Amino acid sequence: MNTKLWTVDVKEDLSTNYPQITQAARLLQQNETVAFPTETVYGLGANAKNNDAVAKIYEAKGRPSDNPLIVHIAEIGQLKEIAEADSAQAETLMKHFWPGPLTIVLPCKKGVLSTRVTAGLDTVAVRMPDHPVALELIKRAGVPVAAPSANLSGKPSPTKAEHVIHDLNGRIAGVVDGGPTGVGVESTVVSCTGDVPVILRPGGVTKEQLEEAAGPVLIDQGITDEKKAPLSPGMKYTHYAPEAPLAIIKGSLKNIQQLIEQYQKDGMRVGILTTEERAGAYRADVVRICGRRDRLETVAAGLYDSLRSFDEEKPDFIFAESFPEEGVGRAVMNRLLKAAGHRVIEA
Ligand code: TXA
Ligand code: MG
């Protein structure tokens, strides 16, 4: 398959005569797959109502079929068509965070969406992204758009069009390049099917922000406790991993550097994922800076690009610094722990 590439300048007014987006929307209407930027990561979109279209997403990504997809909408009117949206907590969350990096799980309306989207569950995950390209594309397609992150299953999510092309060129119909995404980690997934909202996946909207808007919020124990099964099917899979094995490293800079040297003495090329504040302290073979420790949102924004960039240098082992589990640091640590297969080393 020849993958089309369109480039869009997000600073322009996309609502008037932007042929790239019209062409991409037409492919979605023809039940093809198109990757597009959102404020979190690039998504791989397809018509959520059509079985064949949705099947193409799973095939292109190599995604297990029991892992359901998020349905993206551009207008609140589209919600009632696909989900039972009479929950007061859900309404409060939508008012505060849509459009934005929050996905809400609600009871699913029957017979509207492809059953592949929900992977047989009776709930559906819905989100209204805060990105001009995503919103305009969904509007012009005129259908709800199912879209997981546009990476090969298991790889870090794409935050640039070049990541999408690296993973999926020739496997999808098109890519709209709208430049790098902003938030850098995926949306927060919250279930609103019970009495209290439950975070199924930490992400761009923090627990603190959710609680300020809607009162107490729970976190699915399956996210933090390795022994418990997570409530969200996707959380059980290994994810975000660069090619080399990776471990999270805790301890003083001096001890971490000593450990790096020990690995090097054993003949290994060692990589370190670090921050601007600390990068100068290490003498490793590959040093990657993902952001500033005193601004965790910059770490979130740079995380996946840094993880991917290790593959070019082919280290034998990667250490990743750890971050405080507060604010967006919760999402960062969740992704790093998955990339590390939960391996944490105390130096
Ligand atoms: O920021 C994002 O959310 C990005 C952009 C493209 O919008 N999308 C994204 O999709 O991260 P994906 O497929 O990579 O992750 C969707 C997550 C998975 O963990 C999946 O299991 C979960 O949402 N999910 C989807 N439907 C669900 C449902 N009905 N109940 C529980 N979890 C669900
Ligand atoms: Mg994903």
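The values are calculated or read from the model by the stated rules, or taken from the named source; none is laboratory data. Quick caveat: nothing in here was measured; it's all calculated off a predicted structure. Here the Cβ is made from the backbone with ideal geometry for all residues, glycine too, and neighbour counts use every protein chain on show. Note: areas computed on protein heavy atoms with side chains; ligands, DNA, RNA excluded. Shrake-Rupley method; radii C 1.70, N 1.55, O 1.52, S 1.80 Å.
For segment 90-128, a residue qualifies if it is of a type in the set (Phe, Trp, Tyr) and without any contact (Cβ under 8 Å) to a residue 40 or more places away in the chain, and exactly one does: Trp98. For segment 189-197, the count of residues that are away from ligand 2 (no atom under 16 Å from the Cβ), in a strand (DSSP E or B) and farther than 30 Å from Pro37 by Cα is zero. With respect to Leu200, is the statement that it is part of a loop (DSSP other than H, G, I, E, B) and not assigned by TED's automatic domain parsing to the domain that holds Glu326 true? For Leu200, the condition - part of a loop (DSSP other than H, G, I, E, B) and not assigned by TED's automatic domain parsing to the domain that holds Glu326 - is not met. The residue of segment 61-85 that is nearest to ligand 2 (Cβ to nearest atom), among those that are part of a helix (DSSP H, G or I) and more than 17 Å from the chain's Cα centre (by Cα), is Ile82. With respect to being modelled with pLDDT of 95 or more, open to solvent by less than 50 Å² (accessible area, probe 1.4 Å) and farther than 27 Å from Leu93 by Cα, Leu210 falls outside the description. Listed by first and then second residue, the pairs linking a residue in segment 27-39 that is on the phi > 0 side of the Ramachandran plot to a residue that is modelled with pLDDT of 95 or more and open to solvent by less than 10 Å² (accessible area, probe 1.4 Å), with Cβ atoms under 6 Å apart and 6 or more places separating them unless they lie on different chains, are Asn31/Ala53.
Of the set (1) in the same structural domain as Met94 (by TED's automatic domain parsing); (2) crowded, with 18+ Cβ neighbours inside 10 Å; (3) in a loop (DSSP other than H, G, I, E, B), all apply to Pro216 but (2). Of everything in segment 103-139 that is in a strand (DSSP E or B) and open to solvent by 10 Å² or more (accessible area, probe 1.4 Å), the residue that is farthest from ligand 1 (Cβ to nearest atom) is Pro107. Taken over segment 88-102, the criterion of being away from ligand 1 (no atom under 14 Å from the Cβ) and either touching a strand residue (DSSP E or B) at 6+ places or on another chain (Cβ under 7 Å) or among the hydrophobic types (A, V, I, L, M, F, W, C) (or both) is satisfied by Ala88, Leu93, Met94.
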